[in-house]
Amino acid sequence: MATVTDVREEIVPVADDRLDMRVQVRGSGPPLVFLHPAGGFAWDPFLEALSEERTVYAPLVPGVSPADPDAIDDVRDLFELVLCEQEALSALGLEGADLIGASFGGMLACELQATFPGMFGKLVLFAPIGLWRDDAPVANWMMTAPEDFPALLFGDPGCEAAQAMFTLPDDPAARADAIAAATWAMGCTAKFVWPVPDRGLDRRIHRISAPTLVIWGRDDALISSVYAEEFGRRIKGARVEVLDGCGHALHLEREQETLALVRAFLGG
Amino acid sequence: MKVAMFQQAPYRFLPADFEQHYAACVTPRYRELADTAGITATIHGMLDELVLGARSGFDGVVMTEHAQAAYDITPNPSLPGAVLANTLRTEDIDAALIMLGRSLGKTREPLKIAEEYAMLDVMSGGRLIAGFPVGLSYDANINQGIPGVDTRGRFREGYELLRRAWAADEPFAFNGRYAQYAHVNIWPRPVQEPHPPLWFPGSGNPGTMASVLDEDAAFVLLTWLGVQVGGQGIFDRFWEMCEEKGKEANPYRVAVVQVCAVAETDERAEREYGPWLERGFHHGLGSIPHHFFLQPGYVPLRGLQGMLRATGDPGIGARLHEATFAELADAGCVIVGSPATVRERLEAVCREMRVGNVLAMLHMGEMPHELAEKSIRMFSEEVLPHVRGMWERDGYEHRWWPTGIPETAGAVA
């Protein structure tokens, strides 16, 4: 079993050296890129398990790392973010690697695949944002009160995974820093999706040529599972799996099922 | 000391138990709570009280901007500002038009603010004080859809553009990060020379206060908590920074909002105004959830860590939704009583904190118009003349006050 000491961070200068991309790396085996959700990145049990068989690379959206919070000021818009991500992944030799994107990261993975068709391997999307339907508006996670987050992200807000995510450190300073880091991460990612998470992906998504698996929780309260069908329809040949009794953070709430689907789809 | 009248436009007919049923005063449904008669009385009441304040001898009138909220229905303070500018000019009232103001962190049209302020300066006869708030988080980020992390960058860029647009002799192109203009050549320009006084509202962030001093502008503590509670620690820090930067500790550099109410006696003041002030706090700032002030990205990571790590007693500011009148009065958030009581308390706190400009908030929440008028009249007749002389003996020059149209301007040929 991998331990946290196995984690390393690659610092990759991008954008003509204006900016460093920070990429967390862990595990062994063929490379796999994980693009994190709006609230930031953590080595959760799903990624720990995946890193048993894959080398997981997780690029952080600039600013999300507390070591370099101001980096977000150096990325002006979504297009620049996509370029920064691509430059970093290419510099690490990850062209051809499979991409997994969760929620915000799912949108970003779609943008990478649509902007650079053929550059990366297979695409796995966990309840991505990026499309918009007036009859099923995406919930406003930025305006959500802290106490309402478990019900927004989990089908069963009392489940073990929800408790693990929302249990804060006992030490007051560490607790303050954890809340600050998650808040700031949401602020950084919001730059590319606020106030409405639709930056025109619907006009580019047809360019995605990678084999794609879309997984959704049937009870997703943040972005309705009707979007599973939207993504499935717009990405040619995409396979869609909807998990019953599951919310938005599906790879945490239904870790084993998600792992099985991902393993079967990616192969190896 | 300068004493101006600070006015907002809270919806005046919220139910008494509003805070029990609505999670926030910045999200309640209009059609559920407001009606034509109520909204008309609210907006007309605000304007009438501002005009009364201007006619009653206050040194200035103050307006703010808040969108989509029940506690201040003034989407653009230039609208009431225009009404008051015309009143000051046509009635030859020598009072300042203090806009606190149009938010450069929130707007997507910074050049409009340069133009509006210039127009108000002309309309008022050179009586504008130009205030530059960043904008509250819920207002900039939620209402206006500005990503939190962009709020301050937009503010800085917008301010730079505005100053250039006011001063430039030649038209110029502006290639900003947030705003681009092919041709900047605004008409009119402010009539005060070299520009209207610059006031920067804030809540006591050290970085903001330092830049206010560097800019040689005035700092406005924009809070409902008053001089004593709101200013605790903040003004000490401000005057320390002032000394460190080798600037004169001139009290006129500082303005602060203070809720006041005046009646014939202390008892009567408490009886008449107390319940309305209490409700005003409960239904206003007290009904804005904490996370609406701190949308992700609005406060930089380090600042957020500092705020969340602070272990001290958050004080009455964290209990505005339930604070009683007695608590508000004891803390000094409200200064209420007979003319003598209000004079003494106001002078004492302003002297202690070195405050040279008081922005007296005399209407609040659902307080009836007639009661607000009474307080405005009594304050202007029996408090204002007595406190105005404060700081005069100390010989400070007020360099942050409107000058009017320069005499050299001459007449139209």
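Normalising the average separation of contacting C-alpha pairs (under 8 angstrom, six or more residues apart) by the number of residues puts the relative contact order of the range B:96-244 at 25 percent.
What is chain B by shape, rounded, prolate or oblate, if you read a ≥ b ≥ c off the alpha carbon gyration tensor as root eigenvalues and call it rounded for a/c under 1.5, prolate for a/b larger than b/c, and oblate otherwise?
Working: a/c = 1.33, a/b = 1.18, b/c = 1.12.
Cα axes put chain B in the rounded bin.
Other chains' Cβ within 10 Å of B:307-317 residues: what's the mean?
2
Solvent-accessible area of chain B (1.4 angstrom probe, protein heavy atoms only): carbon and sulfur portion equals 50 percent.
Considering only B:GLY365, B:GLY306, B:GLY126, give the residue with the highest GNM mean-square fluctuation for chain B, with springs between Cα atoms whenever their separation is below 10 Å. Result: B:GLY306 has the largest fluctuation of those listed. The smallest convex shape that holds all Cα atoms of the range B:1-71, its convex hull, gives 106 Å³ per residue.
For A:ASP244 and A:ILE179, the FRET efficiency from 1/(1 + (r/R0)^6), where r spans their Cβ atoms and R0 equals 22 Å, is about 0.10. Under Stokes-Einstein, with the Kirkwood radius over Cα pairs as Rh, the value for the range B:108-199 at 37 °C and 0.692 mPa s is 237 µm²/s. The range A:216-268 and the range A:53-128 have Cα centres separated by 19 Å.
Under a 5 Å amide H cut-off, with hydrogens placed 1.01 Å from N, A:MET21 pairs with A:VAL12, A:VAL14 among residues at least 5 apart or on other chains.
Less than 5 angstrom separates the built amide H of B:VAL254 from those of B:PHE219, B:GLY356, B:ASN357, all sequence-distant by 5 or more or on a different chain.
Here the Gaussian network model covers chain A, with springs between Cα atoms less than 10 Å apart; of A:ALA38, A:ALA180, A:ALA71, A:ALA180 fluctuates the most. Estimated purely from DSSP H runs of n ≥ 4, each contributing -39500 (n - 2.57), the mean residue ellipticity at 222 nm for chain B is -12000 deg cm²/dmol once divided by its residues.
Note on B:ALA173 and A:GLU147: with the Förster distance fixed at 45 Å, the Cβ-Cβ geometry gives a FRET efficiency of about 0.35. For the range B:1-85, the list of trypsin sites (Lys or Arg not before Pro) that fall in a loop by DSSP and count at most 16 other C-beta atoms within 10 angstrom reads B:ARG29.
Counting only whole DSSP H helices of chain A, the ones at least 18 Å long by C-alpha along their axis and with mean Kyte-Doolittle hydropathy no lower than -0.5 are A:78-91, A:172-190. Is the shape of the range B:201-341 rounded, prolate or oblate, going by the alpha carbon gyration tensor and its root eigenvalues a ≥ b ≥ c, with a/c under 1.5 for rounded and a/b larger than b/c for prolate? Oblate. 3J(HN,Hα) along the range B:180-196, derived from phi through the Karplus expression 6.51 cos²θ - 1.76 cosθ + 1.60 where θ = phi - 60°, amounts to 10, 10, 6, 8, 9, 7, 6, 10, x, 10, x, 8, 6, 10, x, 6, x Hz, with x in place of Gly and Pro. Using only alpha-carbon positions in the range A:67-130, the gyration tensor eigenvalues give semi-axes of 19, 15, 11 Å once each is multiplied by 5 and square-rooted (largest first). Can you tell me how the range A:92-248 classifies by the Cα gyration tensor, rounded, prolate or oblate, using a/c under 1.5 as the rounded cut? Because a/c hits 1.5 or more and a/b exceeds b/c, the range A:92-248 counts as prolate. Projecting the Cα atoms of B:HIS44, B:PRO188, B:GLY57 onto the charge dipole of chain B (Cβ charges, centred on the Cα centre) puts B:PRO188 farthest toward the positive pole. The packing ranking of peptides B:204-210, B:402-408, highest mean first, is B:204-210, B:402-408, where packing means the average number of other beta carbon atoms within 10 angstrom of each residue.
Accessible surface area normalised per residue over the range A:1-81 is 42 Å², counting heavy atoms of protein chains with a 1.4 Å rolling probe.
Helices in chain A, meaning DSSP H runs of at least 4 residues, each add -39500 (n - 2.57). Divided by all residues, the mean residue ellipticity at 222 nm is -9500 deg cm²/dmol. Distant-in-sequence amide contacts of A:ALA102, defined by a placed amide H-H separation under 5 Å and a gap of 5 or more residues or a different chain, comprise A:LEU35, A:PHE126. Other protein chain C-beta atoms within 10 Å of residue C-beta, averaged over A:142-148: 4. Between B:GLU344 and B:ALA409, the contour length at 0.36 nm per residue exceeds the alpha carbon distance by 19.2 nm. Buried accessible surface for the B/A pair, both sides summed and rounded to the nearest 100, is 2100 Å² with a 1.4 Å probe.
Calculate the FRET efficiency for A:ALA67 and A:ARG233 from the Cβ-Cβ distance with a Förster distance of 45 Å, rounded to the nearest 0.05.
Rounded to the nearest 0.05, the efficiency is 0.65.
Place a label point 7 angstrom from the Cα of B:HIS386 along the Cα-to-Cβ direction, then list the residues of the range B:322-341 whose backbone nitrogen is under 14 Å away. Counting only backbone N, you get B:336-341. Applied to the range B:259-274, the Karplus parametrisation 6.51 cos²θ - 1.76 cosθ + 1.60 on θ = phi - 60° returns per-residue 3J(HN,Hα) values of 6, 9, 8, 10, 9, 5, 9, 4, 4, 5, 4, 5, 5, 7, 9, x Hz, with x for Gly and Pro. Between A:LEU92, A:LEU47, A:LEU125, the GNM of chain A built on Cα springs shorter than 10 angstrom shows A:LEU92 fluctuating the most. Across the range B:40-54, coupling constants 3J(HN,Hα) worked out from phi with the 6.51/-1.76/1.60 Karplus curve, θ = phi - 60°, read 5, 4, 5, 6, 5, x, 4, 5, 5, 5, 4, 5, 4, x, 4 Hz, and Gly and Pro carry x. Each Cα pair under 8 Å and six or more residues apart adds its separation to the average, and for the range A:178-257 the resulting relative contact order is 28 percent. Which residues of the range B:134-162 end up with at least 30 Å² less accessible area in the presence of all protein chains than when their chain stands alone, using a 1.4 Å probe? So the qualifying set is B:ILE142, B:GLY145, B:PRO147, B:VAL149.
So if each residue of separation counts as 0.36 nm, and I subtract the Cα-Cα distance between A:ASP198 and A:ARG263, what length gain in nm does that give?
On the way: separation 65, 0.36 × 65 = 23.40 nm, distance 3.00 nm.
Extra length available between A:ASP198 and A:ARG263 comes to 20.4 nm.
Only Lys, Arg, Asp and Glu carry charge here, each on its Cβ (+1 for the first two, -1 for the last two); on that basis the range A:36-95 has a dipole of about 100 debye about its Cα centre.
Counting alpha carbon pairs within less than 8 Å and at least 6 residues apart, what relative contact order, in whole percent, applies to chain A?
Relative contact order for chain A comes out at 19 percent.
The values are calculated or read from the model by the stated rules, or taken from the named source; none is laboratory data. Quick caveat: nothing in here was measured; it's all calculated off a predicted structure. Virtual Cβ from ideal backbone geometry, glycine too; neighbours counted across all protein chains shown. Remember, those area values only see protein heavy atoms, side chains included, never the ligands or the DNA or RNA. Shrake-Rupley method; radii C 1.70, N 1.55, O 1.52, S 1.80 Å.
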